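The values are calculated or read from the model by the stated rules, or taken from the named source; none is laboratory data. If you're wondering where the values come from, they're calculated on a predicted model, not measured in any experiment. Positions of Cβ are backbone-derived with ideal geometry, glycine not excepted, and every protein chain shown enters the neighbour counts.
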């Protein structure tokens, strides 16, 4: 499964138009831009790569046995080995990526026609998180809305059928 995710992320097979790392970099370029819209592909590719890079950061914490005052209770995160892990690479990564992740989430909610304040619904345990995931997964509007013009990926491209030339 990890091989499939890595191939999709770095091989460009997810959208057929380019490398999916571009979505990650585009979200980072718009570091604190909460206005505008983000396509479904931009949000989910950013989330996928963010998850992979975050896991890599925590693995580096384990491998290098870094220490910091930050303690993460692994039992509550359903990790197979119990105890507390300390490190600074993983928490530092998540601290650095928090604002861009929040910004791309708000822009994704704008694309669906919702307000960015819907992010707060995730504060409701379990039900709120599931509801937010559903909001983020629905297709974006194909027309201009109050948050800006339609994202190019939401606009369907219709190709006229090629007429067969007879010899």
| Selection within the range 91-105 - surrounded by fewer than 23 Cβ atoms within 10 Å (Cβ to Cβ) and either under 11 Å from the mean Cα position of the chain (by Cα) or closer than 27 Å to residue 137 by Cβ (or both) | 93, 94, 95, 96, 97, 98, 99, 100, 101, 102, 103
| task | For residue 5, indicate whether it is assigned to a helix (DSSP H, G or I), closer than 22 Å to residue 137 by Cβ and at pLDDT 90 or above. | result | no
